[in-house]
Amino acid sequence: MNGKGEVAVISTPGELNLDQRVQGFREEMSQKYPGIKIVAVQNGNSDQIKTAQVTSALLQSYPGLGGIFATEADEGTGAATAVKEANKTGSVKIVSFDTDKATLDAIKSGEITATVAQGTWNMGFWGLMDLFTIHHNLLTPVANWKQSGVDPVPPQVDTGVTIVTSKNVDAYLSK
């Protein structure tokens, strides 16, 4: 969008991880892209059909809409359906979340611009490593950590993300 224009966010309010994605998107846009205005945050209810309906309404209400950020996969594909039906594929950029097949296929066809691929392998690996080290009592951050209530593992672990676009989508589709 070259740093300017109108975008909408489609999410499911009340789900902590999705609320945090909306908050992060808002912060990133205001800090790094002041020329991009978030014109609406709408509830897609994690449903493709509802999101398509919401997106159609957004496209009518904001004819200059240049982008949509969908905080999860079904909302991304629902938005892509509505944008395609409005003959605006390519002129309305869609960034989604997750790497389900429908999202990857929509990237391949150009209906979704990009998606955020979570580090799911790392999530599993580090989760199991934490459980293993606790189970085998391999971590001792302080003496008597169990009785003291000191957690031996970090409260958060950055497991990384990758942005999937038309340039690297085939690597994800081949999994």
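The values are calculated or read from the model by the stated rules, or taken from the named source; none is laboratory data. Note that the coordinates shown come from a computational prediction; the quantities given were computed from them, not determined experimentally. Here Cβ is always computed from backbone atoms with ideal geometry, including for glycine, and neighbour counts include all displayed protein chains. Side chains included, ligands, DNA and RNA excluded: accessible areas come from the protein's heavy atoms. Shrake-Rupley method; radii C 1.70, N 1.55, O 1.52, S 1.80 Å.
Please identify, among ASN43, ASN17, ASN137, the residue showing maximal mean-square fluctuation in a Gaussian network model of the chain using a 10 angstrom Cα cutoff.
ASN137
For PHE125, tell me the accessible area in Å² from a 1.4 Å probe, rounded to the nearest 10.
Accessible area, nearest 10 Å²: 70 Å².
Relative to the first principal axis of the alpha-carbon coordinates of the chain, what is the inclination of helix 73-85, with its axis defined by its Cα atoms, in degrees from 0 to 90 and to the nearest 10?
10 degrees
Mind running the shape call on the stretch 1-64? Use the C-alpha gyration tensor, a ≥ b ≥ c as the square roots of the eigenvalues: rounded below 1.5 for a/c, prolate if a/b tops b/c, oblate otherwise. Walk me through the numbers before you get to the answer.
On the way: a/c = 3.06, a/b = 1.18, b/c = 2.60.
It is oblate, given that a/c is not under 1.5 and a/b is not larger than b/c.
Of the options THR89, TRP121, ALA102, report the single residue whose Cα projects farthest towards the positive end of the charge dipole of the stretch 38-143 (beta-carbon charges: Lys, Arg +1; Asp, Glu -1).
THR89
Hey, how many Å between the Cα centroid of the stretch 101-134 and the Cα centroid of the stretch 68-90?
Here the two parts' Cα centres lie 20 Å apart.
Distance in nm between label sites at VAL157 and VAL39, each 7 Å beyond Cα in the beta-carbon direction?
Using points 7 Å along Cα→Cβ, the separation is 4.3 nm.
In terms of the Cα gyration tensor, with a ≥ b ≥ c the square roots of its eigenvalues, is the stretch 85-175 rounded because a/c is under 1.5, prolate because a/b exceeds b/c, or oblate?
Numbers: a/c = 5.17, a/b = 3.21, b/c = 1.61.
The shape class here is prolate.
What residues qualify as long-range amide H neighbours of LYS37, i.e. H under 5 Å apart, gap of 5 or more or another chain, H built at 1.01 Å from N?
Placed amide hydrogens put GLY5, GLU6, VAL7 under 5 Å from LYS37.
Please label the shape of the stretch 113-162 as rounded, prolate or oblate, based on the square roots a ≥ b ≥ c of the eigenvalues of the alpha-carbon gyration tensor (a/c under 1.5 means rounded; beyond that, a/b larger than b/c means prolate, else oblate). All intermediate terms of the calculation are to be shown ahead of the outcome.
Working: a/c = 5.14, a/b = 2.67, b/c = 1.92.
Because a/c hits 1.5 or more and a/b exceeds b/c, the stretch 113-162 counts as prolate.
Tell me, what is a quarter of the convex hull surface for the C-alpha atoms of the stretch 1-122, in nm² with one decimal? Show your work: numbers first, answer last.
On the way: hull surface 28.9 nm².
Its average projected convex-hull area is 7.2 nm².
Report relative contact order for the stretch 75-175 in percent, whole number only (criteria: Cα-Cα under 8 Å, sequence separation at least 6).
Values: 109 pairs, mean separation 30.2, N = 101.
It rounds to 30 percent for the stretch 75-175.
Rolling a 1.4 angstrom probe over the protein heavy atoms, how many square angstrom per residue are accessible across the stretch 121-175? Working shown, then result.
Numbers: 4420 Å² over 55 residues.
With the other protein chains kept in place, the stretch 121-175 gives 80 Å² per residue.
Would you mind checking the tilt of helix 16-32 against the longest principal axis of the Cα atoms of the chain, expressed as 0 to 90 degrees and rounded to 10?
Here the helix axis deviates by roughly 70 degrees.
What number, in percent, do you get for the relative contact order of the stretch 1-100 if the mean sequence gap of Cα pairs under 8 Å and at least 6 apart is divided by its residue count?
Values: 185 pairs, mean separation 31.8, N = 100.
Worked out over the stretch 1-100, it gives 32 percent.
Using 1/(1 + (r/R0)^6) with R0 = 30 angstrom and r between the beta carbons of ASP170 and THR133, what's the FRET efficiency to the nearest 0.05? Intermediate results must be reported in sequence, preceding the final value.
Numbers: r = 37 Å, r/R0 = 1.23.
Plugging the Cβ-Cβ distance into 1/(1 + (r/R0)^6) gives 0.25.
Within the accessible area of the chain, what % is carbon and sulfur when the probe is 1.4 Å and the other protein chains stay in place? Could the numbers behind the result be given before it?
Working: 5430 of 10240 Å².
Its accessible area is 53 percent carbon and sulfur atoms.
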